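To start, the structure under review is shown below, and the notes come after it.
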Amino acid sequence: MPPTVFITGASRGIGKATAVYFHQKGWQVAATMRSPEQASDLAGLDNVLCLRLDVLNPDSIGLAIQEAIKTFSRIDVLVNNAGYAAMGPFEAASAEQIQRQFAVNVFGLMRVTQLLLPHFRAQKDGAVINISSIGGRITFPWYSLYNASKWTVEGFSEAVHHELRLFGIRVKVVEPGLIKTDFYNDSMDRISHPHCTAYDEAFHHYTRMMHQSLKFAATPDQVAKVVYRAAVDRSRKLRYPAAGGASLLMLLRKLLPDALFLRMMGFTATGKKRN
Ligand SMILES: NC(=O)c1ccc[n+]([C@@H]2O[C@H](COP(=O)([O-])OP(=O)(O)OC[C@H]3O[C@@H](n4cnc5c(N)ncnc54)[C@H](OP(=O)(O)O)[C@@H]3O)[C@@H](O)[C@H]2O)c1
């Protein structure tokens, strides 16, 4: 029987590309999403089951896992992909925006993982692939909440990577760079507050620059291939930088002294050499 992958946030972007790629490779795919009724193209594929799952709704997670196991008998790989970015000056963020960023990107991912672990332990096999970001290793101006959430995903993944080897369960972190999806448009939660305008000029400079740089963004399919490599790689390798300049940025982070690297990233925030 072919192996099964269980993916969160498979309605579009990297999650959808991953579902399609695993399907092409002959896997059974539990493609989970908040609105499966809108996934007609995926739903039409053999061995692809579109299931409702909102990472903010624990009941929906449990039901989707049960349904996937009932249909495919087992789950071999979990891809924790669902996520989004809140972007803007930290000072202007509401308590709700801060909480939601962590509720989706961190607590949702932890909950899905926790509910699947008994299944992986019973099988004495399984892989948890967490879609982090290059922003989980380095930081970008205006992404403080997102960076904090993805740095948490990195720390969490590294720690459970040690724990779960006891049971033959592999933990992997895929770190995409700049990828062309709805992430920078419809999915983004823009942080602003009418009484907090002091950051406007620098922030608008950055968003203009960011939209220009999207011309060089990689495609979600490129990330899907790295996710697949992480899934079939039986090694203990933890981190997989994935397309969109991720490997280059990680290399610069390793080679450059901290002060120089931070100055370079700070320059991108404002376009000014010094504040
Ligand atoms: N694009 C990039 O440059 C980039 C770079 C690094 C890392 N990443 C990471 O890659 C992952 C996928 O992002 P993407 O670029 O593919 O963005 P995307 O096209 O906006 O897709 C995001 C996916 O997450 C889902 N989602 C959001 N909130 C959810 C919730 N509460 N429960 C279940 N699903 C939820 C969305 O579902 P709906 O369709 O229902 O909204 C959608 O399927 C994210 O974790 C992101 O942080 C992206």
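The values are calculated or read from the model by the stated rules, or taken from the named source; none is laboratory data. Note that the coordinates shown come from a computational prediction; the quantities given were computed from them, not determined experimentally. Every residue, glycine as well, gets a Cβ built from its backbone with ideal geometry; the counts of neighbours run over all protein chains shown. With ligands, DNA and RNA removed, areas are computed over all heavy atoms of the protein, side chains included. Shrake-Rupley method; radii C 1.70, N 1.55, O 1.52, S 1.80 Å.
A few remarks follow.
- About its Cα centre, the chain has a charge dipole of approximately 980 debye under the convention of +1 per Lys or Arg Cβ and -1 per Asp or Glu Cβ, with nothing else charged.
- 0 to 90° range, to nearest 10: angle between helix 144-164 axis and the chain longest Cα axis: 40 degrees
- Between the helical axis of 258-270 and the longest alpha-carbon principal axis of the chain there is an angle of about 80 degrees.
- Residue-normalised accessible area of segment 1-107, given per residue in Å² at a 1.4 Å probe: 44 Å²
- Fully extended contour minus Cα-Cα distance, from Asn57 to Thr197, at 0.36 nm per residue: 46.9 nm
- Between helix 109-123 and the chain: long-axis angle, C-alpha atoms, 0 to 90°, nearest 10: 30 degrees
- Carbon + sulfur, % of accessible area of segment 171-275 - ligands and nucleic acids excluded, 1.4 Å: 57 percent
- To put it simply, the accessible area of segment 1-140 at a 1.4 Å probe is 51 percent carbon and sulfur.
- Dipole magnitude of segment 77-197, debye to nearest 20 (Cβ charges: Lys/Arg +1, Asp/Glu -1, about Cα centre): 400 debye
- Hydrodynamic radius of segment 149-275 by the Kirkwood approach over all distinct alpha-carbon pairs: 17.3 Å.
- Accessible area per residue for segment 113-235 is 48 Å², calculated with a 1.4 Å probe on protein heavy atoms, without ligands, DNA or RNA.
- Counting lysine pairs in the chain whose alpha carbons fall under 15 angstrom apart, excluding pairs fewer than 8 residues apart on the same chain, gives 8.
- Heavy-atom accessible area order for Leu63, Leu115, largest first, 1.4 Å probe: Leu63, Leu115
- Put the Cα centre of segment 17-72 next to the Cα centre of segment 240-258 and the gap is 33 Å.
- Note that the chain, at 37 °C in a medium of 0.692 mPa s, gets a Stokes-Einstein diffusion coefficient of 170 µm²/s from its Kirkwood radius over C-alpha pairs.
- Ellipsoid fit via the Cα gyration tensor, segment 77-234: semi-axes of 32, 18, 11 Å, each the root of five times an eigenvalue, largest first.
- Label zone at Ser73, where the point sits 7 Å out along the Cα-to-Cβ direction: segment 20-36 residues whose backbone N lies under 17 Å: 26-30
- A straight chain from Leu256 to Lys225 at 0.36 nm per residue would run longer than the Cα-Cα distance by 8.3 nm.
- Modelled FRET efficiency - R0 35 Å, Gln123 with Asp182, Cβ distances, 0.05 increments: 0.50
- Selection from Pro58, Ser94, Tyr206, by position along the positive dipole direction of the chain (Cβ): Tyr206
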